Amino acid sequence: MSEKFDVIVVGAGASGNAAAYTLARSGLKVLQIERGESPGAKNVQGAILYSDALERIIPDFREEAPLERHIIEQRMWVMDERSYVGTHFRSDDFNKPPYNRYTIIRARFDKWFSDKVKEAGALVICETTVKELLRDDAGKVIGVEVDRTDGRIYANLVILADGVNSTLARKAGFRPELDPRHVALAVKEIHFLPKDVIESRFNIQDEEGVVIEMMGKITHGMMGTGFLYTNSDSISVGVGCLLSDFMAQKITPYQLLEQLKAHSSVAPMLEGGEMKEYAAHLIPEGGYHAIPQIYGDGWMIVGDSGMFVNAVHREGSNLAMTTGRIAAETVIELNREGKAMSAANLARYRARLDDSFVMKDLKKYKDLPEIFDANKQFLTTYPSLLNRSAYDMLKVDGEDKRSKQKDIYRGFRAERGLMGLLGDAYKLWRAFR
Amino acid sequence: MNAKAVSIKVEDKLYQNRYLVDAGRPHIQIKDEAVCARCATRQCTVCCPAGCYEDGEGPVVLTTDGCLECGTCRVICTTHRNVEWEYPRGGYGIQFKFG
């Protein structure tokens, strides 16, 4: 391939597709390179799609994108071994178009998004792994080398949308190796069930969906959450914990998932389903402090590769699409002004992100990973106390409620101490304010 | 949620997945087996979600056929940095049907 491109986008996930689509639509000559057999074949997500981010790129996506169910109810369960204390939030407002969130199946969705990229005029090649970035004597990125014969391809700019592991950014020295404290390992299964069974089981109607987020003893004190999402005729169920915590535990990820599935509150929801895929993925959860340099001479980083995930709110694909879009818009603007793709000019990308919800949200929770890491009681002691308290207060056994309440209070004091309780309350307030 | 009551073979899970194995060209390699033989923690044998790393006498044994390409083994080998990790050649490896 001797021709030169305006931009090469590495990866056909959410961020790469957003960038390639936006660039190609503006008339730039774009090449997108994907290592999977087809777009989506290497991509794993929960998966929730937040409409807003995609709407800003493809306003009428709802008419044709493969969407599973729009979310009308979110459940949050704090669990111990035998029970959960939960909140359920269901709203009619979430049940009115335009819908705010959907469950999706990434392999299907990414294929559709990639078709839009092709329609917009980009050249998309699959089954091709980028081996390394090509640089000139001054260190400027001038293209990529792929694992095909005559595999050197040149461009004015390379956008790295190559995911959390970002082999390319690490090899080029743009980013250090991932810190086990900054990534969560999530494992997930998809279970197929008839549509009407899902709908009656979750108390929903056609196209309506429920998501359940779970925390507590199910992660054995590891920082992490479980999840269960309803798709059209399947259920995604999984669990993810910080890698640094997995390292200290002696439980395998698949055992952890089996235990979650066997919990008395989860098992009935999966009953009768047929498991058809088991997936694993790292999620960049280091937050604001973990974001690397995201631009330089001839290159930009978008999506997971730049650690753009809001772990607190389980938002990732929307940050991926937004960083992809904003990166592309920056390039389009520079191109229009006739400016070079230099580090100095591409600094506009970071400035735009700083002004967006992406950086503002990540900054808001910048200290949260450390606080939870240093205070395991939030994931073990409190869920246990909460569940025990609920059980005691609801059990009718001849003992008066005031005495029970005193026992519960004594239990909290005994486990954490008065100063511990106050300190924990302060820590939580500080982390979320 | 009794740990003992739940036993699972990861192979049964991986069996549901679709792979295009690049025979004879593993994309992940142990750099120095002697280092693994000395390793006290052997976290790879617990943390790998596909059970690719097998514990036993002597060095850890790596079989990459069921690899989910998550990157865990590389990231957790913090003390020794003994995992040579690349993506498979274009088109090979796990092909997620649903993802």
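The values are calculated or read from the model by the stated rules, or taken from the named source; none is laboratory data. From a predicted model like this one, the values you see are computed outputs, not experimental measurements. Every residue, glycine among them, receives a Cβ derived from its backbone with ideal geometry; neighbour counts consider all protein chains shown. The area values use the complete protein model at the heavy-atom level, side chains included, leaving out ligands, DNA and RNA. Shrake-Rupley method; radii C 1.70, N 1.55, O 1.52, S 1.80 Å.
One residue alone among A:Glu333, A:Glu329 is away from every other protein chain (no Cβ under 14 Å) and either over 16 Å from A:Asn17 (Cα atoms) or part of a loop (DSSP other than H, G, I, E, B) (or both), and that residue is A:Glu333. Among the numbered conditions (1) modelled with pLDDT under 95; (2) within 28 Å of A:Pro176 (Cβ to Cβ), the only one that B:Ser7 does not meet is (2). The criterion of being under 25 Å from A:Arg170 (Cβ atoms) and small (Gly, Ala, Ser) holds for A:Ala327. Being acidic (Asp, Glu) and touching a residue at least 60 places away in the same chain (Cβ under 8 Å) is a condition met by at least one residue of region A:279-288.
Of the residues making up region A:80-112, those that are open to solvent by 60 Å² or more (accessible area, probe 1.4 Å) and either touching a Pro at 6+ places or on another chain (Cβ under 6 Å) or of a type in the set (Ser, Thr, Tyr) (or both) are A:Tyr84, A:Thr87, A:Arg108, A:Lys111. The single residue among B:Ile8, B:Ile94 that is more than 30 Å from A:Val124 (Cβ to Cβ) and not basic (Lys, Arg) turns out to be B:Ile8.
One line per residue, one yes/no per condition, for (1) away from every other protein chain (no Cβ under 14 Å); (2) surrounded by 24 or more Cβ atoms within 10 Å (Cβ to Cβ); (3) closer than 23 Å to B:His27 by Cβ; (4) touching a residue at least 60 places away in the same chain (Cβ under 8 Å):
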site: A:Asn17; (1), (2), (3), (4): no, yes, no, yes
site: A:Tyr21; (1), (2), (3), (4): yes, yes, no, yes
site: A:Leu28; (1), (2), (3), (4): yes, no, no, yes
site: A:Gln32; (1), (2), (3), (4): no, yes, yes, yes
site: A:Arg35; (1), (2), (3), (4): no, yes, yes, yes
site: A:Ala41; (1), (2), (3), (4): no, yes, yes, yes
site: A:Ile48; (1), (2), (3), (4): no, no, no, yes
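So in region A:284-308, with the set limited to residues that are surrounded by 24 or more Cβ atoms within 10 Å (Cβ to Cβ) and assigned to a strand (DSSP E or B), which one is nearest to the other protein chains (Cβ to nearest Cβ)? Ranking the candidates gives A:Pro284 first.
Being surrounded by 24 or more Cβ atoms within 10 Å (Cβ to Cβ) and part of a strand (DSSP E or B) holds for only one residue in A:Val187, A:Val211, and it is A:Val187.
With respect to the conditions (1) more than 14 Å from chain B (Cβ to nearest Cβ); (2) open to solvent by 10 Å² or more (accessible area, probe 1.4 Å); (3) in contact with a Gly (Cβ under 9 Å, 6 or more places away or on another chain); (4) farther than 17 Å from A:Gly324 by Cβ, A:Glu271 lacks only one, and its number is (3).
Selection within region A:367-399: residues that are touching a residue at least 24 places away in the same chain (Cβ under 8 Å) and among the hydrophobic types (A, V, I, L, M, F, W, C). The member of this set that is most open to solvent (accessible area, probe 1.4 Å) is A:Leu386. The residues listed here are A:Asp150, A:Asp115, A:Asp137; of these, the one that is open to solvent by 30 Å² or more (accessible area, probe 1.4 Å), on the phi > 0 side of the Ramachandran plot and away from chain B (no Cβ under 13 Å) is A:Asp150.
Per the conditions (1) more than 9 Å from every other protein chain (Cβ to nearest Cβ); (2) open to solvent by 10 Å² or more (accessible area, probe 1.4 Å), the sole criterion not satisfied by A:Ala262 is (1).
Just checking, does region A:233-253 include any residue being surrounded by fewer than 24 Cβ atoms within 10 Å (Cβ to Cβ), at pLDDT 95 or above, more than 11 Å from chain B (Cβ to nearest Cβ) and in a loop (DSSP other than H, G, I, E, B)? Yes: region A:233-253 contains one or more residues that are surrounded by fewer than 24 Cβ atoms within 10 Å (Cβ to Cβ), at pLDDT 95 or above, more than 11 Å from chain B (Cβ to nearest Cβ) and in a loop (DSSP other than H, G, I, E, B). B:Ile8 satisfies every condition listed in (1) open to solvent by 40 Å² or more (accessible area, probe 1.4 Å); (2) of a type in the set (A, V, I, L, M); (3) within 20 Å of A:Gln249 (Cα to Cα); (4) in a helix (DSSP H, G or I) except (4). Residues in region A:157-168 that are more than 13 Å from chain B (Cβ to nearest Cβ) and either closer than 23 Å to A:Val44 by Cβ or surrounded by fewer than 21 Cβ atoms within 10 Å (Cβ to Cβ) (or both): A:Ile159, A:Leu160, A:Ala161.
Picking from residues in region A:50-78 that are among the charged types (D, E, K, R) and in a loop (DSSP other than H, G, I, E, B), the one that is nearest to the other protein chains (Cβ to nearest Cβ) is A:Glu68.
Is it the case that A:Gly143 is assigned to a loop (DSSP other than H, G, I, E, B), away from every other protein chain (no Cβ under 14 Å), buried (at least 16 other Cβ atoms within 10 Å of the Cβ) and over 26 Å from the mean Cα position of the chain (by Cα)? Spelling it out, it is not the case that A:Gly143 is assigned to a loop (DSSP other than H, G, I, E, B), away from every other protein chain (no Cβ under 14 Å), buried (at least 16 other Cβ atoms within 10 Å of the Cβ) and over 26 Å from the mean Cα position of the chain (by Cα).
Here's the yes/no breakdown for (1) within 20 Å of A:Ile326 (Cβ to Cβ); (2) touching a Phe, Trp or Tyr at 6+ places or on another chain (Cβ under 8 Å); (3) not in a strand (DSSP E or B):
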position: A:Phe5; (1), (2), (3): no, yes, no
position: A:Ile8; (1), (2), (3): yes, no, no
position: A:Gly16; (1), (2), (3): yes, no, yes
position: A:Thr22; (1), (2), (3): yes, no, yes
position: A:Leu28; (1), (2), (3): yes, no, yes
position: A:Gln32; (1), (2), (3): yes, no, no
position: A:Arg35; (1), (2), (3): no, yes, yes
position: A:Pro39; (1), (2), (3): no, yes, yes
position: A:Val44; (1), (2), (3): no, yes, yes
